[in-house]
Amino acid sequence: MEKQISQRYLLLQPILPVVNGMIYLGKDQSLNREVILHLMENGDPAFTQRYIRQLRDVASFSDNRFLHILDMGVDAQGVFAVLKMFGGRPMIGELKQLAKSTTELLAMVFALGKGMQDALEAGIQGYSVLADNLWLSEEGQLKVINYWEKGDASTRGAAGLCRLLTQLTTRTELVGGDAELMERQLSRSTADLSPAQQEGLLELVRGVRLEQSSLASFVLGLQRLLDVPVTPADETRYREAPLTYTTEEDDEEEEAVRPGQGEPAEQASNRRLLRLGIVLACLVVVMGGLVVWVNGKFVHKDQAASPVQETPSPANPPATSKPPTTDTQNPKTPDTNPKTDGGPVEAPNLVGLSQAEAEKSALAAGLRYQYFLERNNQSQGTVFRQEPAAKSQLQKGDSVTFWVSKGLD
């Protein structure tokens, strides 16, 4: 007998596993139409309430680059979201047989990026845009499946689009932890572009890697690469888009208190002013050291030539200053590149750990990492293989690769 949800929806066929759940092809018996059902296992009451609230926060958003939420609820099967059915199938199953040029793939990513910018202006952000969270329509359009849950920092926004573009051009599920490795792969897989186009694309990717490009500027860069006319409205939208990067702490703050949902307007205004002050302080530092902070205020550096200094005690002599060194071979990148001072290290044992635990373990050992998602009989999200093996002798800054189970269909 077919499983039924809320005495209305039939679960016809599982089509895509997700963490703690499954996406099904389903049928709305009341309206006699096909739907997509996103089903999560039931958790504790607090989890269920939080999850329903996340769904409600985005339920009114309607854009053809996102699967519309038609209904939601909780029953014995779990927490469910009913999504509008579009012709097509999950993008992850189409990667290996994609018969498209790099220019066509860039156009697909550009269209998705425009949708993400629209969603951002509606207050919706933080979801993954990797291939395992996208639907490919029969017309070749990418649509986001789950846009109510937060994705890993490397899977969302402009950084997520860069990784998605790598997945599409290499025709693989690879989700590399090393941004430099991803850039090299992208360089090899876009050889059908003209040299000028390829260099322009790699410059865009580097800007994202070095946190110098916002989602808006990345999308505008793709627009220019594709020779799509840039209107004055596009330029204005790019200039006015804030260059912000959401951290996990910001996510927690926004989830706890959202402007317009319980936070007084005065507190929201004060918080925005505080952030503006931080940005201005950073600009002061960048301006060639012309202004410095002395005794609680900013003064011109010429006025600070002879500041009052405490005399160091004999027990704490001043350290001898050393000229700064520049590591051009291993530039720091967010989240994935540990501090590397050289020296031997032992590869940690990652097998059996969760993906997040494996990442932390690799970074704690001073190693870079990359990982693959593959179907395996180990429980979903568990590392089942690594190279090199545990206890292998490596140098700090070397890379370790591990494989994470997606479970079995």
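The values are calculated or read from the model by the stated rules, or taken from the named source; none is laboratory data. Quick caveat, the model's predicted, so the values are computed rather than measured. When we count neighbours, we look across all protein chains shown, and the Cβ atoms used for this are built from the backbone with ideal geometry, even at glycine. The area values use the complete protein model at the heavy-atom level, side chains included, leaving out ligands, DNA and RNA. Shrake-Rupley method; radii C 1.70, N 1.55, O 1.52, S 1.80 Å.
Structure notes:
- Number of the condition not met by ILE23 [criteria: (1) out of contact with any strand residue (DSSP E or B) (no Cβ under 6 Å at 6 or more places or on another chain); (2) part of a strand (DSSP E or B)]: (1)
- Within segment 153-175, residues that are touching a residue at least 24 places away in the same chain (Cβ under 8 Å) and buried (at least 20 other Cβ atoms within 10 Å of the Cβ) reach partners that are charged (D, E, K, R) and outside any loop (DSSP other than H, G, I, E, B) with beta carbons closer than 8 Å, at six or more positions or on different chains, in the pairs SER154/ARG163; THR155/ARG163; ALA159/ARG209; CYS162/ARG209; VAL175/ARG163.
- For segment 355-409, the strands (runs of 3 or more DSSP E) that sit wholly inside it and include 1 or more residues that are open to solvent by 30 Å² or more (accessible area, probe 1.4 Å) and more than 29 Å from ILE23 (Cβ to Cβ) are 383-387, 393-395, 399-405.
- Here the condition is being open to solvent by 60 Å² or more (accessible area, probe 1.4 Å), farther than 13 Å from TRP135 by Cβ and of a type in the set (A, V, I, L, M, F, W, C); of LEU55, LEU39, LEU12, it holds for LEU12 alone.
- Tally, over segment 198-214, of residues that are exposed (fewer than 15 other Cβ atoms within 10 Å of the Cβ) and either under 15 Å from the mean Cα position of the chain (by Cα) or part of a loop (DSSP other than H, G, I, E, B) (or both): 3
- Residues of segment 176-197 satisfying the condition of being open to solvent by less than 40 Å² (accessible area, probe 1.4 Å) and assigned to a helix (DSSP H, G or I): ALA179, GLU180, LEU181, MET182, GLU183, GLN185, LEU186, SER189
- Scan of segment 50-106 for residues that are more than 17 Å from TRP148 (Cα to Cα), of a type in the set (Ser, Thr, Tyr) and within 24 Å of the chain's Cα centre (by Cα), ordered by number: THR102, THR103
- Test result for GLY115, part of a helix (DSSP H, G or I), closer than 30 Å to GLY221 by Cα and open to solvent by less than 20 Å² (accessible area, probe 1.4 Å): yes
- Subset tally (residues that are in a loop (DSSP other than H, G, I, E, B), farther than 16 Å from VAL19 by Cβ and at pLDDT 95 or above) for segment 126-150: 2
- Filter result for the condition that a residue is of a type outside the set (Val, Ile, Thr) and in contact with a Gly (Cβ under 9 Å, 6 or more places away or on another chain), over LYS150, LYS114: LYS150
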